[in-house]
Amino acid sequence: MYSDALLVKTAELYYYSRISQAEIGRILGVSTPTVSRILQEAVERGIIEVRIRDVLTRNSDAEETLKKRFGLLDAVVVETPQEADQNILRKLLGKKTSELLPRFCERGSTVGIGCGITIREMIDSLNPSRRFPDLRVVPLMGGWGREDPERETNRLVSSMGNILGCAFSYLLAPAIVSSPGVRDVLMKEPQIQLTTKLWSSVDTALFSIGPELDAAAFSYIPAEYLDLGKAGRAGGVGDVLGRIIDDKGKELALPFNEQLMSISFDTLRKIPRRAAIGGGAQKYRSIQAVLRGKLANILVTDYETSSYIINMGV
């Protein structure tokens, strides 16, 4: 039984301030599962009133068309309310991905995750009562050195591991380094290889698809590492796990891509289940590129985006 004051404060931080459960835990000095229990008690005691709208209805026709058109293992297409902005869309896609995840948690399996707001929303939506002690979660890239939790894969894997009650591994490396040579040296470091060697045994990869290459969307990348204008003129349409891709889903020949501490596309494509998450007009071209390049065989998106991709064809 928690105090009314704690229930109200936690609810305000989560629903009004839109702070993640992991971040609330750090503010209050408690674990992420404890935050989930506080919010659940607030619901049970009527401090939080829940009104469910049927915004997570799946569109089976669009899903089947995407599966056939692009040879996907699965597709999840979510109907969204007309007033949904990008924040709401991310929450809906993250929620639906969290519901999809338990299907992939076989005994002894390994799940690899990328970073981003949608991945954070997926983790925040996980059911803390469902535990998978035989699972392992690993990051598929380094962190960006930012305070934003969604940019730090080590914080994401630890949050996910704590919620699911499973093992997790850190990648003790930044997402970007100063040169390909530095990257090659670091990739040989034993502490880093403890995680990177696990990439070849990942059963399921979960990653968000990046938007068009504009400064606002990529503000976390130092300008000295990536010239967004040059990357766009070279044909860049977005990114996957940090790597800038063209409209065919191929990695661009940019120095930036050669300086990333991130799973290679060759290794990524060998992962049996590769679930890409993304939606909205800013991601139309990059999602289509991911499907063309066979970087993903599972897609979680919204109906408007699926309609664009289907109408544009392969």
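Of the GluC sites (Glu not before Pro) found in the range 202-288, those in coil by DSSP whose Cβ has at most 15 other Cβ atoms within 10 Å are Glu224. Taking trypsin sites (Lys or Arg not before Pro) as candidate sites, keep only those in a DSSP loop with at most 10 other Cβ atoms within 10 Å, then name the longest stretch of the chain containing none of them. Looking at the chain, 189-314 is the longest stretch - no exposed trypsin sites (Lys or Arg not before Pro) with at most 10 other Cβ atoms within 10 Å.
Reported to the nearest whole Å, the Cα centre-to-centre distance from the range 1-47 to the range 176-195 is 39. Note that the range 134-143 has calculated 3J(HN,Hα) couplings of 8, 8, 10, 10, 10, x, 9, 7, x, x Hz, one per residue in order, obtained from phi through the Karplus relation 6.51 cos²θ - 1.76 cosθ + 1.60 (θ = phi - 60°); glycine and proline are x. Between the listed residues Val300, Ala216, Val202, the Cα displaced farthest toward the positive end of the dipole of the chain, a dipole computed from Cβ unit charges relative to the Cα centre, is found at Val202.
Note on the chain: helix-only mean residue ellipticity at 222 nm, from DSSP H runs of 4+ residues weighted -39500 (n - 2.57) and normalised by residue number, equals -11000 deg cm²/dmol.
Distances between placed amide hydrogens fall under 5 Å for Ala75 paired with Leu299, all partners being 5 or more residues away or on another chain.
For Ala205, the amide hydrogen comes within under 5 Å of the amide hydrogens of Gly112, Arg273, Arg274, Ala275, counting only partners 5 or more places away or on other chains and with H modelled in the peptide plane.
DSSP assigns beta bridges within the range 55-312; of those with both partners inside it, close to 25 percent run antiparallel. The range 257-314 and the range 117-158 have their alpha-carbon centroids 20 Å apart.
Across the range 66-179, the convex hull enclosing all Cα atoms gives 149 Å³ per residue.
Annotation: aspartates and glutamates with alpha-carbon distance below 20 angstrom to Lys188 (same-chain offsets under eight excluded): Glu258, Asp266.
Using just the C-alpha positions of the range 1-51 as equal point scatterers, what log10 of I(q)/I(0) does the Debye formula give at each q in 0.17, 0.20, 0.25, 0.31 1/Å? Evaluating at q = 0.17, 0.20, 0.25, 0.31 Å⁻¹ gives log10 I(q)/I(0) of -0.41, -0.58, -0.91, -1.34.
Taking other Cβ atoms within 10 Å as a rough exposure proxy, Phe218, Phe207 sort from fewest to most as Phe218, Phe207. Diffusion coefficient (Stokes-Einstein, Kirkwood radius over C-alpha pairs, 4 °C, 1.567 mPa s) for the range 115-236: 82 µm²/s, rounded to a whole number. Cross-link pairs exceeding 18 Å in C-alpha to C-alpha distance, out of Lys248/Lys294; Lys67/Lys294; Lys270/Lys294; Lys250/Lys283; Lys68/Lys270, comprise Lys68/Lys270.
Evaluating 6.51 cos²θ - 1.76 cosθ + 1.60 at θ = phi - 60° for every residue in the range 163-175, the Karplus couplings come out as 5, 7, x, 10, 6, 8, 10, 8, 10, 7, 7, x, 5 Hz, glycine and proline recorded as x.
With springs only between Cα atoms under 10 Å, which of Asp85, Asp246, Asp203 fluctuates most in a Gaussian network model of the chain? So, out of Asp85, Asp246, Asp203, the one fluctuating most is Asp85. In the range 205-282, the alpha-carbon atoms span a convex hull of 99 Å³ per residue.
Only Lys, Arg, Asp and Glu carry charge here, each on its Cβ (+1 for the first two, -1 for the last two); on that basis the chain has a dipole of about 780 debye about its Cα centre. Each residue of the range 250-256 is assigned a 3J(HN,Hα), and the resulting list reads 8, 6, 6, 7, 10, x, 4 Hz, derived from the Karplus form 6.51 cos²θ - 1.76 cosθ + 1.60 (θ = phi - 60°), x at Gly and Pro.
Each value in this text was obtained by applying a stated rule to the coordinates, not by laboratory testing. Predicted model, so just to flag it, every value in this text is computed and none were measured. Heads up, the Cβs are rebuilt from the backbone with ideal geometry, glycines too, and the neighbour counts pull from every protein chain shown.
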